[in-house]
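The values are calculated or read from the model by the stated rules, or taken from the named source; none is laboratory data. Owing to the predicted nature of the structure, the values given are computational and were not obtained by experimental measurement. Don't worry about glycine lacking a Cβ; one is built from the backbone with ideal geometry, like all the others, and counts go over all protein chains shown.
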Amino acid sequence: MSNDHRLSAIIWLLPCLPIIGCIDRSADPALYRAMLNRPAVSTQPSLGANDALSLIHALELANADNESIASRGEDYIQALADKMRQAGTFLPTISLGPIYNLTHISSGSVFVPSGSGSSVEIGGQGSVQHQLTVPVNASISGSMANASNLQAASLTIEQRAQLLLDERETILLDVVQSYYSALKAERQAALYESTVGLKAEKVRDQETRLRLGAVRPLDEAQSQADLASVRVSLTQARTDAANARSALARLMGVTTVAGPLTDAFDIPTVIQPLETWQEDAQAQRPDLVAAHKAREASAAKVEAAIREYFPTASINFGYLLYNDPKSSQLWNSAISASFPIFSAMAIEADIRSAWSLYRQAGLTESQISRQVIDDINQGCANFQGSRRKIADLEIQVAAAQKAYDLAERAYQLGSESNLDRLTQQDNLLLAQLNLLSERFNEKSNYLALLRAAGKLGGLMGK
């Protein structure tokens, strides 16, 4: 190829250089979003200012726009980039390196051509040597350790994918707890509001009776104190509801949650036995699967450290794309190998560190496995306990209602004191609040059990 043709090739390649290495940045988030949206709806969920919000919709909103989940997704993208980097060790690197030399030679010097393609201009005041060289260099270097590092990078990608799903499970459980905390506090506030109205009427009744001399001042004071106590509880319930809604909005990535909470989630009448929950959790809980992949990646890194003892081979190739003045040299190549004989204990240190990390990964996997079993055991116990308590609380509410009705009738007949009547009313209110709270606890405990088994994300899109 003539110098003119080589120069034309250079001019043609220059506009292409800025394109090399360009990456579509918007494509990366789509990679981990595909994993998150797989069990969910395909469209982007939204929430109006006063729209009703169901539990499933709240989960979908958090799944679509939560910074913690997205941050874990970026960890996954970084693992993909690391694998790309490891795969690149099996490919050559090609570079274009133009060189332009100017050399001044003093007057009287004698220039003898060496066949390198240089030229000399002789002048009265000296001479200037011009040389433009445009070489293309290609090189590749690698060892067997690169294959183990590539395998470790692939396993790390799988680990990061599972950690992404585990973070999603954690955030969704936070959404569940905030959602039912808000709903429970609002239902309690509604119950307190009705009780406040009833107790206010009784205070007015006591004031009227006191003016008529039919009751003692103590009865009036007891009624006023009881009314104030319920108002305090009402204020606290409203505060708890506002705080829970604020936390829910933060988790879902919206400004505010002002609409009604519709819930509309039903618990199955019959659930799987404890052994089935444990088996499912061991097989699919994301953090446990991630720990298993991390241990396998550590094993591959141990193999890579041992393979540092193996030789490293390098191949270099250079082609003279352009040279002015023309040179007889067109290309050159070299093959070299490096055999480690004494590495100042660097390889031994790498192997020792890799084995330690492998043992550490095994301990982490064992610890998480035990934690999974414990979470399942506690989750099942909490859920079954809630169901048993609900059955007893329903009986307690019915009995408290009957006791209050009898106390109210007896008070009207004069056979019961006002304090006895207030006590029975408080007992009824407490029983109603406990039943209301436990019914929401039952749902929260069931959903926590799903999270313990790694199944909470599967609720979306249903």
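Could you list, in sequence order, all residues of the range 406-445 that are part of a helix (DSSP H, G or I), among the acidic types (Asp, Glu) and touching a Leu at 6+ places or on another chain (Cβ under 9 Å)? Quick ask: steps written out before the conclusion?
Let us first name the residues in the range 406-445 that are part of a helix (DSSP H, G or I), namely 406-413, 418-445.
Remaining after also requiring among the acidic types (Asp, Glu): 408, 420, 426, 438, 442.
Of everything in the range 406-445, just one residue is part of a helix (DSSP H, G or I), among the acidic types (Asp, Glu) and touching a Leu at 6+ places or on another chain (Cβ under 9 Å), namely Glu438.
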Checklist entry - Here are some residues: Ile395, Ile373, Ile390. Which one is under 30 Å from the mean Cα position of the chain (by Cα), part of a helix (DSSP H, G or I) and at pLDDT 95 or above? => result Ile373
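Within the range 21-32, is even one residue acidic (Asp, Glu), at pLDDT 55 or above, within 30 Å of Phe440 (Cβ to Cβ) and surrounded by 15 or more Cβ atoms within 10 Å (Cβ to Cβ)? Write out each step before concluding.
Let us first name the residues in the range 21-32 that are acidic (Asp, Glu), namely 24, 28.
Then keep just the ones that are at pLDDT 55 or above; that gives 24, 28.
Filter again for within 30 Å of Phe440 (Cβ to Cβ), leaving none.
The answer is no; no qualifying residue exists.
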Item to check | Positions within the range 400-427 being surrounded by 15 or more Cβ atoms within 10 Å (Cβ to Cβ) and hydrophobic (A, V, I, L, M, F, W, C), in sequence order | outcome: Ala400, Ala403, Ala407, Ala410, Leu422
Checklist entry - Can you find even one residue in the range 233-242 that is farther than 27 Å from Gly48 by Cα, out of contact with any His (no Cβ under 9 Å at 6 or more places or on another chain) and buried (at least 16 other Cβ atoms within 10 Å of the Cβ)? => result yes
Item to check | Subset of the range 446-462 that is part of a helix (DSSP H, G or I) and among the small types (Gly, Ala, Ser) - its residue that is surrounded by the fewest Cβ atoms within 10 Å (Cβ to Cβ) | outcome: Gly458
Checklist outcome for this item: Counting only residues in the range 220-257 that are of a type in the set (D, E, K, R) and more than 20 Å from Thr195 (Cβ to Cβ), the one farthest from the chain's Cα centre (by Cα) is identified as Arg245
Checklist entry - Are any residues in the range 225-271 within 18 Å of Glu186 (Cα to Cα) and part of a loop (DSSP other than H, G, I, E, B), and if so, which ones? => result Thr256, Val257, Ala258, Gly259, Pro260, Ala264, Phe265
Next on the checklist: Pairs needed: first member in the range 157-181, of a type in the set (Val, Ile, Thr); second member anywhere, outside any helix (DSSP H, G or I); C-beta distance under 7 Å; at least 6 residues apart or different chains.
Outcome noted: Ile171/Asn66
Checklist entry - Residues of the range 327-370 being in a loop (DSSP other than H, G, I, E, B) and in contact (Cβ under 8 Å) with a residue 24 or more places away in the chain, which ones? => result Ser327, Ser328, Gln329, Phe339, Pro340, Ser343
Item to check | Failed criterion for Glu121 (all others in (1) touching a strand residue (DSSP E or B) at 6+ places or on another chain (Cβ under 8 Å); (2) modelled with pLDDT of 95 or more; (3) charged (D, E, K, R) hold) | outcome: (2)
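Of these, Glu296, Glu365, Glu348, Glu308, which one is within 26 Å of Ile157 (Cβ to Cβ), over 30 Å from the mean Cα position of the chain (by Cα) and not hydroxyl-bearing (Ser, Thr, Tyr)?
Going through Glu296, Glu365, Glu348, Glu308 in turn, the sole match is Glu308.
Here's the yes/no breakdown for (1) within 30 Å of Leu150 (Cβ to Cβ); (2) among the small types (Gly, Ala, Ser); (3) touching a helix residue (DSSP H, G or I) at 6+ places or on another chain (Cβ under 7 Å):
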position	(1), (2), (3)
Pro45	no, no, yes
Gly48	no, yes, no
Asp51	no, no, no
Ile56	no, no, yes
Asn63	no, no, yes
Glu67	no, no, no
Asp75	yes, no, yes
Ala79	yes, yes, yes
Ala87	yes, yes, yes
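From Arg6, Arg85, Arg72, grab the single residue that is assigned to a helix (DSSP H, G or I), over 17 Å from the mean Cα position of the chain (by Cα), at negative phi and modelled with pLDDT of 90 or more. Talk me through it step by step, then tell me what you get.
Details: Arg6 fails: modelled with pLDDT of 90 or more; Arg72 fails: over 17 Å from the mean Cα position of the chain (by Cα).
Going through Arg6, Arg85, Arg72 in turn, just one is assigned to a helix (DSSP H, G or I), over 17 Å from the mean Cα position of the chain (by Cα), at negative phi and modelled with pLDDT of 90 or more: Arg85.
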Checklist outcome for this item: Screening Leu163, Leu218, Leu183, Leu150 for residues that are in contact with a strand residue (DSSP E or B) (Cβ under 7 Å, 6 or more places away or on another chain) and either part of a helix (DSSP H, G or I) or among the aliphatic types (A, V, I, L, M) (or both) leaves only Leu183
Checklist entry - Among the residues of the range 332-381, how many are closer than 30 Å to Ser314 by Cα, crowded, with 18+ Cβ neighbours inside 10 Å and acidic (Asp, Glu)? => result 1
Checklist outcome for this item: Reported set for the range 243-282 where residues are surrounded by 15 or more Cβ atoms within 10 Å (Cβ to Cβ) and polar (S, T, N, Q) is Gln278, Gln282
Item to check | Residue selected from the range 179-201 under the condition buried (at least 20 other Cβ atoms within 10 Å of the Cβ) and more than 30 Å from His57 (Cβ to Cβ), by the criterion nearest to the chain's Cα centre (by Cα) | outcome: Thr195
